[in-house]
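The values are calculated or read from the model by the stated rules, or taken from the named source; none is laboratory data. Please read all numbers here as calculations on a predicted model, not as lab measurements. Methodologically, a virtual Cβ is constructed for each residue, glycine included, from the backbone with ideal geometry; neighbour enumeration extends over all protein chains shown.
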Amino acid sequence: MAKVTEHDVGPADAFAEDTITAVTVDDRELVIVRQDGRVYAMPDRCTHAKKPLHDGELDVPGKITCIHHGATFDLETGAPTMPALKKLQLFDAAIRDGRVVVTLQEA
Ligand code: FES
């Protein structure tokens with residue numbers, strides 16, 4: 001059965017609007033994106049050539065852009081655009097009592 005763990009990754013104020021922040025949770029490298037008051041969590045790895053996403057851009061609303069070859073990923077669904085073909089895995093992330101909480105699932 002999948003193990004579900006919640007992780008407090010810091011105060012919501014530490015994640016400014018329209019920023020991408022690298023965090024390490026349980027030895028996993030993730031990025032936290034804050035946009036439109038919401039938070040999103042995903043691996044710090046583009047599904048195209050496994051380059052990091054923490055140096056990406058948020059120029060397209062609702063998407064994170066990998067600067068290495070220009071793939072974008074939908075922040076709600078992880079859906080990719082070329083040259084990436086594989087969806088980006090998304091983790092549950094929420095602001096709770098002023099803190100950013102990420103939920104990870106392990107098989
Ligand atoms: S590694 Fe991200 S688009 Fe190529």
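Within the range 69-78, count every residue that is within 18 Å of L30 (Cβ to Cβ) and loosely packed, with under 14 Cβ neighbours inside 10 Å.
Residues in the range 69-78 being within 18 Å of L30 (Cβ to Cβ) and loosely packed, with under 14 Cβ neighbours inside 10 Å: 2 in total.
If the Cβ limit is 8 Å and pairs must be 6+ apart or interchain, which residue in the range 50-68 that is on the phi > 0 side of the Ramachandran plot pairs with which residue that is not polar (S, T, N, Q)?
G62/D74; G62/L75; G62/E76
Which of (1) loosely packed, with under 13 Cβ neighbours inside 10 Å; (2) in contact with a Lys or Arg (Cβ under 9 Å, 6 or more places away or on another chain); (3) not in a strand (DSSP E or B) is the odd one out, the single condition D13 does not satisfy?
D13 satisfies all of (1) loosely packed, with under 13 Cβ neighbours inside 10 Å; (2) in contact with a Lys or Arg (Cβ under 9 Å, 6 or more places away or on another chain); (3) not in a strand (DSSP E or B) except (2).
Residues of the range 33-68 being surrounded by fewer than 18 Cβ atoms within 10 Å (Cβ to Cβ) and of a type in the set (G, A, S), which ones?
Scanning the range 33-68 gives G37, A49, G62.
Just to verify a result, which residue in the range 37-51, among those that are part of a loop (DSSP other than H, G, I, E, B) and modelled with pLDDT of 95 or more, is farthest from the ligand (Cβ to nearest atom)?
D44
Working only within the range 85-107, note down all residues that are more than 18 Å from V31 (Cβ to Cβ) and at pLDDT 95 or above. First the steps, then the outcome.
Step one: filter the range 85-107 for residues more than 18 Å from V31 (Cβ to Cβ), giving 85, 96-98, 106-107.
Result: L85, R96, D97, G98.
Quick check, is L30 buried (at least 19 other Cβ atoms within 10 Å of the Cβ), in a loop (DSSP other than H, G, I, E, B) and in contact with an Asp or Glu (Cβ under 7 Å, 6 or more places away or on another chain)?
no
Look at the range 16-27 and say how many of its residues are assigned to a strand (DSSP E or B) and over 21 Å from D74 (Cα atoms).
Initial filter on the range 16-27 (assigned to a strand (DSSP E or B)): 19-25.
Add one more test, that the residue is over 21 Å from D74 (Cα atoms), and what stays is 24-25.
Of the residues in that region, 2 qualify.
Counting just the residues of the range 79-107 that are within 20 Å of G37 (Cβ to Cβ) and small (G, A, S), which one comes out surrounded by the fewest Cβ atoms within 10 Å (Cβ to Cβ)?
The residue in question is G98.
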